[in-house]
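Working notes, structure below.
The values are calculated or read from the model by the stated rules, or taken from the named source; none is laboratory data. Values in this document were obtained by computation on a predicted structure and should not be read as measured data. In this analysis, Cβ positions are derived from the backbone assuming ideal geometry, glycine residues included, and neighbour counts consider all displayed protein chains.
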Amino acid sequence: MNPLLSVVSQFKIEGKPFFAEPYGHGHINRTYLVKCQTEKGEIKYILQQINHNVFKNVKNLMENIVAVTNQIVKKMTDFGEDTTEALKVIKTKEGKAFLQDKGESYKLLNSGNYPGFNCIKGDDGHFYRLYNFIKSGISIETKATAKQFRSSALGFAKFQKYLDGFDASVLHESIPNFHNTVIRFKNFEKAICEDVANRAKDVKDDIEKYKSRKKYANRVVDLLESGKIPTRVTHNDTKLNNVLINLETLDPIAVIDLDTVMPGSLLYDFGDSIRSGATTGAEDEKDLSKVNFSIELFEAYVDGFMSQLANRLTDKEIELLAFSAILMTYECGLRFLTDHLQNDIYFRVHRENHNIDRARTQMKLVEDMEKVLPTMNEIVYKYKKLYSK
Ligand code: ADP
Ligand code: GN1
Ligand code: MG
């Protein structure tokens, strides 16, 4: 029997589980679609093996996620919205938000011999959580249309509104300094020096391109630290496939992947969405001629974002919005390159040189955006004016 079926049976599910297969394209956790048979028909769930190499304190992580999902359901209820498709944590039969499995399933999966299930190796067991399966929206992995991308902006802007007034002090910092680009740059320099996989010699041009843009690293960090831009509770991982969109109605159904909800800057959320969505190619495309920054998609996102948030953003945030797209793309590329140098220990890779391919697409987008930054700024101000009351 598939060992994950006995894992999922330990949660408060409806019916009898009969199917569990890898699902989605996340880089961090291991995500599985689970199906259960009930008298009324099939019910789907999302089971996730939490990456505890990345999230060291799973208890704190899950406290955050329970607090944030509860807040969203509460706000949706206040706004008179239907909460059926909101993301909800399904507790274990013991009433816990996650399961630490050290039993037979763990032994089998941790052995690495179970075909098709690439589990996270660990000595203290595997950590699982269960969510309701959100069925009326899907993740767009790449090449959204302008209308779809505008919807993703509405989804993330709505998310920001749900978190308005949320007490940030209840949140643990799930990954300290997650978007501290200055520290990310230092880690990059350290990885070059250590060169544990002897890869630096083959990626000298890439290293130079990233080094030459060091000046970007401190711009937002310094402003946040000095209080010149506000610290808000933000998602921090607003990539295109982390918002589920109904492709028929174009409604943004739910924002998912809440592991990194922490105090941060709205610039991070805006910038990361542009990084991942305003592009004509996949994040890991090898042929860089297919990877171009799309000003049309950028405009569609700005339109959606500003339609909801124009009046909440400060002047300084508006001033830095277009730049934040360059910054977040640079930072993500820096992380991919660092991981390549460190022998692929953080992001899940599916082929040789996967992280260097990713670092190159990000640099291509940075170069494209640098050329059109004034136009990007014009677009920001055009929609700011349009939607300001
Ligand atoms: P990771 O942290 O690894 O990116 P995610 O939480 O983003 O993990 O999940 C990976 C993918 O699984 C998502 O991009 C999405 O396609 C799908 N997914 C995750 N949660 C749900 C859900 N509750 N309902 C439907 N699909 C989901
Ligand atoms: C990871 O988990 P996922 O795949 O949605 C990463 C993001 C990166 C992104 C790049 C916790 O996002 O920070 O921007 O990959 N998440 C974490 O695709 O590190
Ligand atoms: Mg994800």
Give me the residue from segment 196-221 that is in contact (Cβ under 8 Å) with a residue 12 or more places away in the chain and among the small types (G, A, S) and, out of that set, surrounded by the fewest Cβ atoms within 10 Å (Cβ to Cβ).
A197
Being more than 16 Å from ligand 2 (Cβ to nearest atom), at pLDDT 95 or above and touching a helix residue (DSSP H, G or I) at 6+ places or on another chain (Cβ under 6 Å) is the filter here, so list the residues in segment 153-184 that pass it.
A153, L154, A157, Y162, V182
Subset of segment 263-281 (residues that are touching a residue at least 60 places away in the same chain (Cβ under 8 Å) and within 11 Å of ligand 2 (Cβ to nearest atom)):
Y268, D272, S273, R275
Does E367 fit the bill of being in contact with a His (Cβ under 8 Å, 6 or more places away or on another chain) and under 20 Å from Y216 (Cα atoms)?
no
Taking N57 as the residue in question, decide whether it is under 30 Å from D164 (Cα atoms) and away from ligand 1 (no atom under 15 Å from the Cβ).
yes
Report, by residue number, each residue of segment 309-359 that is among the basic types (K, R) and either touching an Asp or Glu at 6+ places or on another chain (Cβ under 7 Å) or not in a loop (DSSP other than H, G, I, E, B) (or both).
K316, R335, R358
The one condition D269 fails out of (1) within 13 Å of ligand 1 (Cβ to nearest atom); (2) crowded, with 21+ Cβ neighbours inside 10 Å is (1)
Can you tell me which of G41, G80 is in the same structural domain as I120 (by TED's automatic domain parsing), small (G, A, S), out of contact with any Asp or Glu (no Cβ under 6 Å at 6 or more places or on another chain) and within 27 Å of K161 (Cα to Cα)?
G80
Taking segment 103-144, which residues are over 26 Å from G277 (Cα atoms) and either of a type in the set (S, T, Y) or within 16 Å of ligand 3 (Cβ to nearest atom) (or both)?
S105, Y106, S111, Y114, I120, Y128, R129
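Condition check ((1) in contact (Cβ under 8 Å) with a residue 40 or more places away in the chain; (2) crowded, with 19+ Cβ neighbours inside 10 Å) across all residues:
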position	(1), (2)
R129	yes, yes
I134	yes, yes
A153	yes, yes
K161	yes, no
S174	yes, yes
N177	no, no
T181	yes, yes
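Quick one: would you say V380 is assigned by TED's automatic domain parsing to the domain that holds R184, within 18 Å of G277 (Cβ to Cβ) and not basic (K, R)?
Considered against the rule, which asks whether it is assigned by TED's automatic domain parsing to the domain that holds R184, within 18 Å of G277 (Cβ to Cβ) and not basic (K, R), V380 comes out as yes.
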Regarding segment 289-299, can at least one residue be identified that is touching a residue at least 12 places away in the same chain (Cβ under 8 Å) and among the basic types (K, R)?
no
Looking at segment 222-251, which of its residues are within 16 Å of ligand 2 (Cβ to nearest atom) and in contact (Cβ under 8 Å) with a residue 40 or more places away in the chain?
T234, H235, N236, T238, L240, N241, N242, V243, L244, I245
Which condition number does T329 fail, the rest of (1) surrounded by fewer than 24 Cβ atoms within 10 Å (Cβ to Cβ); (2) more than 16 Å from ligand 1 (Cβ to nearest atom); (3) in contact (Cβ under 8 Å) with a residue 24 or more places away in the chain; (4) farther than 15 Å from I140 by Cα being met?
(1)
Which members of segment 344-389 meet the condition of being of a type in the set (A, V, I, L, M) and in contact with a strand residue (DSSP E or B) (Cβ under 6 Å, 6 or more places away or on another chain)?
L365, M369
Is one or more of the residues making up segment 8-27 under 29 Å from N177 (Cα atoms), within 16 Å of ligand 1 (Cβ to nearest atom) and of a type in the set (A, V, I, L, M, F, W, C)?
no
Select the strands (runs of 3 or more DSSP E) contained entirely in segment 208-268, then report the ones holding at least 3 residues which are in contact with a Pro (Cβ under 8 Å, 6 or more places away or on another chain) and closer than 18 Å to A278 by Cα.
243-245
Taking segment 15-41 and the residues there that are more than 16 Å from ligand 3 (Cβ to nearest atom) and within 29 Å of the chain's Cα centre (by Cα), the one that is farthest from V243 (Cα to Cα) would be P17
